[in-house]
């Protein structure tokens, strides 16, 4: 009969191999065998069309890194308070912005700028030089400063839209319109994931609220939905229902999964609905997560020193915990980990609210870099830090006696670390006032660079949809030479 | 000529402008051409053009200057001193224009003189048509008679003519009709959100008349579960929840509104009335209690009660949300985009956003810190006689205790004090009495209430909020609806707005509503962007059908049931959902509707289906929200610790629509299966497919409980042989018989499970018998569980495992 092979495999081979191993071999591959035998019996007709495997695939060329940890700072951090040191801006502090600067420019919240002509705003924060490169970093980020020799600042980045939702969508999917695949989905589609026990693309969130744009930011768009980002819960246990119910033995659970898979394959053959393929993968992943999940989220084996270095407190919904979890995820071969941390949208006040969010991210971010380095993982992991755009060198005054900065899409700062990137350097740059870039670096270039580090040519990573080949970078972008050299 | 270009409502104003211009002297016009127009062009139009309209102000026509922007009128012809434009360019006050510089003195003088002369403007530059005004969705629906088709035998009702005409034009054949079992399961799930019972299926298959399907549809439309199903769709739009939201997220009583919705759908309250009562039921003459409850619709906005906040900010936030919701739910417009600036694509100005805002701005809600004691205001008390009796008893108990305390204090005070005595305030008896009273005070019995709308006697001033910010008031505005949607002005009360929304002349509301119905029955609307019928929205796939349905809906007196019936009895709806490889490239999104589509069940419906299969469903309609079991740790995410008093007895098994919804910690299985978060209106749910969903159905306590009950049901209700039991299991879970390959596979699964549980009695009893946690609880469920015949346990465990397999099948989770 059609399933005898599987049963034999179970009964005999099971004792010899671990469950994990068993299921990693018993993934879609064996599923297809089962399907083939069902079809050979002439019981079913019509084959499924989509292959949505997340098994590792060969990149276009040997990648420099295996994994990416992308630290997305929601709301657009002010580069002037953090990294973009501008003595000239200090000099013009309080002066009305020259008309030539603003002419023809569009900003979000134009009204605050038309109410009164905007004035230049020098930062109130002190800067210090860090590391061998003597890179300027603000007093708000002393810990990140201390690992500056591993960090390359990318300065003067431009993007296309000055509203949070669309701009977040843009940096994640290459389009301001919702519905395109996200970068993590493109990567999973391109090279799969080393981990067959955990999703290849995991999303972690912290801060007072979720990112604007929500699930569209880690969606698989028109790619098979198996490539979508899997958001872990932001508080309590990151994953619920990880253990089998009482009374369900290991054997029962295995048998259940196999039976479900076989019957789903039969349904797939009958209806041809590719979504069933995704469900089959989801169940296989769920089963493997039962083994890998509890161990993944259990911080009890982390040393006290490590916990302190991150400032992690088990059970809390914090960025620090998520950084530690991110390290644990890449250790286990998860391809793309994305952290979202809110909220950086400092229109009205660059004092206490900015202090707070910097405190939340400074130590954990630095700890993540240091920890990966100590464990020999920094070389194979690319860390990307940054928001969806930057902020204006002009101040914005919404409440009396307080000052913030408006959205600015021409020249913002992100950073990258790991994957052999030369630390202690600034790539790109901005003019004296920090208003315009001195080199052209666009968000599409950042995307191309991330893909390149993973061994993917952004012009070749395409998917045909509605008669057109789509790609993450649309028709633009090129890897930033200094970062991929 | 000029008048024709203007919307009719503005004709009068334009006429007066026109007559003023007649009198313009040629010298003044010359001054305009030589000294004013060039300056405007060079220094102002960069921002104040038709497209950008910075601060809501355009400077391309006289009319725009006179109407002004967010700060009000820019010029008062003949009166430079009263003209904001002059203030701005003279830069004597806060407003300095142009930004970053000043015009030359002679330029300013020329403009001043031009205004003095009455600010004449040559006829060439009078207001143009607003971009987007010609957009299809802003025109009244055009009703065409159903199109002619070649294969009339396929047509079951007029809908099919529209669908088939298009298919024939494209040379694509419709899909065959789905098998009868699938048809019944589909329509039962779509209309009631529950799968058919074996009896219903049996009756349907036995009914050989030509109207068997239609009879089933009529039965379903009459079921009280219809209101629960379609009520839930509406509750998504209403952003209904049982808590306040924001960080405090305290529970609130709102379930009376939820029940009103369910009931309104069950009695097929005409949609126009349905809308009017929700938007402005309180303003109807002699409003009934029900009509007041209905106004809870717009009280479902989240409320922030954190310390140190400005209540006005969150009141404004709620009012803005009501405008945005009105846009998405009724008009299919992204009105929210015009909150901070003019809409980028649609002809909706920021001013018009705040004109709608003005309709909602007069409700009597908390706006200052001093009112914190009454933060849910206005609230309607709906105490039952029992609740009133309880409260009465409670109040008299408090009164009695207070009197006792007073007497005790008096006695204490009367005692002569001696050196070394315990001070009176430390007297043990006193302390006990005070503590007792305090404890009891906190336990005031709850009275059923619900949040409603109530209009202030004196309306609040409404303004344009510059940059969308609540503190920055621009020009004052009065209630009005967008000119692109209404050729004549309407009245200024919320009731006027409500009536306008459902006025047959409104080009959007009926289209948007039938489109959402279509979306529920076919997975996507005829207009794919169901909440954006604007310029950037999708074009309708079948415009004639959309308009036909929209007009038909009104012609059928806005009866939702009637249109639902029309759609589900069409041949288009009854098609098979099987994938068609030949259409994959050509029509990947099934725009042609050459088949039905498979949809994963919504969060609530998935669980409801398991409840039905297991026979556990407590089919009570309405009542306070309930607390079904929740995984450990699920409530650990809230900022303020919240109780989850897990239900015992029937309340464990109510439909998902009744599950208590904390905005900050929704029941995890609701969130994982894409139930909306109730922070803002949701007109279409996502259908994701993730490993975390698999973990829920596999491992969650709730589903093992359902599987256990299902197994018992199979053993009890099906004949005692495996084949028939398997048939029955399929029937109750999937509404059909197993195919041979499925029967064979499950049979082998069962054999292995029997083996497993015979050799492992401990696991077998854990599988079969509920944990002791609920042992002490009142209610019969536990006792029944205990009375399992020990010899039956391994068999029952094996069947529990089998039921679990069924719940995890794609088939079970999907409406075909």
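Counting only residues that are touching a helix residue (DSSP H, G or I) at 6+ places or on another chain (Cβ under 7 Å) and over 16 Å from residue B:681 (Cα atoms), segment B:519-532 holds 5 of them.
In segment B:450-478, the qualifying residues are those that are surrounded by 22 or more Cβ atoms within 10 Å (Cβ to Cβ) and within 24 Å of the chain's Cα centre (by Cα), and the one that is farthest from residue B:132 (Cα to Cα) is B:450.
Residues in segment A:243-254 that are at the interface with another protein chain (Cβ under 7 Å from one of its Cβ atoms) and surrounded by fewer than 21 Cβ atoms within 10 Å (Cβ to Cβ): A:243, A:244, A:246, A:251.
Name the single residue that is nearest to the other protein chains (Cβ to nearest Cβ) among those in segment B:644-661 being part of a loop (DSSP other than H, G, I, E, B) and in contact with a strand residue (DSSP E or B) (Cβ under 6 Å, 6 or more places away or on another chain).
B:647
From the list A:350, A:339, A:354, A:329, pick out the single residue that is touching a strand residue (DSSP E or B) at 6+ places or on another chain (Cβ under 8 Å) and assigned to a helix (DSSP H, G or I).
Every option except A:329 fails the conditions.
Is it fair to say residue A:257 is under 25 Å from the mean Cα position of the chain (by Cα), modelled with pLDDT of 95 or more and farther than 24 Å from residue A:222 by Cβ?
So residue A:257 fails the test.
So is residue B:329 more than 20 Å from residue B:54 (Cβ to Cβ) and either surrounded by fewer than 23 Cβ atoms within 10 Å (Cβ to Cβ) or touching a helix residue (DSSP H, G or I) at 6+ places or on another chain (Cβ under 8 Å) (or both) or not? Considered against the rule, which asks whether it is more than 20 Å from residue B:54 (Cβ to Cβ) and either surrounded by fewer than 23 Cβ atoms within 10 Å (Cβ to Cβ) or touching a helix residue (DSSP H, G or I) at 6+ places or on another chain (Cβ under 8 Å) (or both), residue B:329 comes out as yes.
Of all residues in segment A:382-422, those satisfying the criterion of being in contact (Cβ under 8 Å) with a residue 40 or more places away in the chain, surrounded by fewer than 21 Cβ atoms within 10 Å (Cβ to Cβ) and farther than 30 Å from residue A:104 by Cβ are A:420, A:422.
Among the residues making up segment B:662-683, those that are part of a loop (DSSP other than H, G, I, E, B) and surrounded by 20 or more Cβ atoms within 10 Å (Cβ to Cβ) are B:662, B:664, B:665, B:666, B:667, B:673, B:675, B:676, B:678, B:681, B:682, B:683. Taken over segment B:581-601, the criterion of being over 20 Å from residue B:687 (Cβ atoms) and assigned to a loop (DSSP other than H, G, I, E, B) is satisfied by B:585, B:586, B:592, B:594.
Taking the stated definitions as given, is residue B:705 more than 8 Å from chain A (Cβ to nearest Cβ) and at negative phi? So residue B:705 fits the description; yes.
Consider segment B:574-591 and keep the residues that are in contact with a strand residue (DSSP E or B) (Cβ under 9 Å, 6 or more places away or on another chain) and surrounded by 18 or more Cβ atoms within 10 Å (Cβ to Cβ). The one that is nearest to residue B:190 (Cα to Cα) is B:574.
Of the helices (runs of 4 or more DSSP H) lying entirely inside segment A:63-174, those containing at least 3 residues that are within 14 Å of chain B (Cβ to nearest Cβ) are A:99-102, A:110-115, A:164-173. Across segment A:220-238, not a single residue is classified as more than 9 Å from chain B (Cβ to nearest Cβ), in contact with a strand residue (DSSP E or B) (Cβ under 9 Å, 6 or more places away or on another chain) and closer than 29 Å to residue A:482 by Cα. Inspect segment B:420-427 for any residue being modelled with pLDDT under 80, at positive phi and surrounded by fewer than 15 Cβ atoms within 10 Å (Cβ to Cβ) and give the result as yes or no. Among the residues of segment B:420-427, at least one is modelled with pLDDT under 80, at positive phi and surrounded by fewer than 15 Cβ atoms within 10 Å (Cβ to Cβ), which makes the answer yes. Scanning segment B:144-153 turns up no residue that is within 30 Å of residue B:465 (Cα to Cα), more than 14 Å from chain A (Cβ to nearest Cβ) and either in contact (Cβ under 8 Å) with a residue 60 or more places away in the chain or in a loop (DSSP other than H, G, I, E, B) (or both).
Total residues in segment B:55-65 satisfying the condition of being without any contact (Cβ under 8 Å) to a residue 24 or more places away in the chain and out of contact with any strand residue (DSSP E or B) (no Cβ under 6 Å at 6 or more places or on another chain): the figure is 2.
So which residues in segment A:328-361 are over 24 Å from residue B:247 (Cα atoms) and surrounded by fewer than 22 Cβ atoms within 10 Å (Cβ to Cβ)?
Selection gives A:328, A:331, A:332, A:333.
Note on segment B:679-691: residues that are within 14 Å of residue B:606 (Cβ to Cβ) and facing another protein chain (nearest Cβ under 9 Å) amount to 4. A single entry from B:695, B:758 fulfils the requirement of being buried (at least 21 other Cβ atoms within 10 Å of the Cβ), assigned to a helix (DSSP H, G or I) and modelled with pLDDT of 90 or more: B:695.
The residues on offer are B:711, B:603, B:707, and the sole one that is surrounded by 24 or more Cβ atoms within 10 Å (Cβ to Cβ), at pLDDT 95 or above and over 30 Å from residue B:520 (Cα atoms) is B:711. Of all the criteria given as (1) without any contact (Cβ under 8 Å) to a residue 40 or more places away in the chain; (2) over 20 Å from residue B:222 (Cβ atoms), the one not satisfied by residue B:603 is (1). Can you tell which of B:490, B:447 is in a loop (DSSP other than H, G, I, E, B), surrounded by 13 or more Cβ atoms within 10 Å (Cβ to Cβ) and touching a strand residue (DSSP E or B) at 6+ places or on another chain (Cβ under 9 Å)? One residue alone meets the criteria, B:447.
The values are calculated or read from the model by the stated rules, or taken from the named source; none is laboratory data. Quick caveat, the model's predicted, so the values are computed rather than measured. Neighbour counts run over all protein chains shown; Cβ positions are idealised from the backbone, glycine included.
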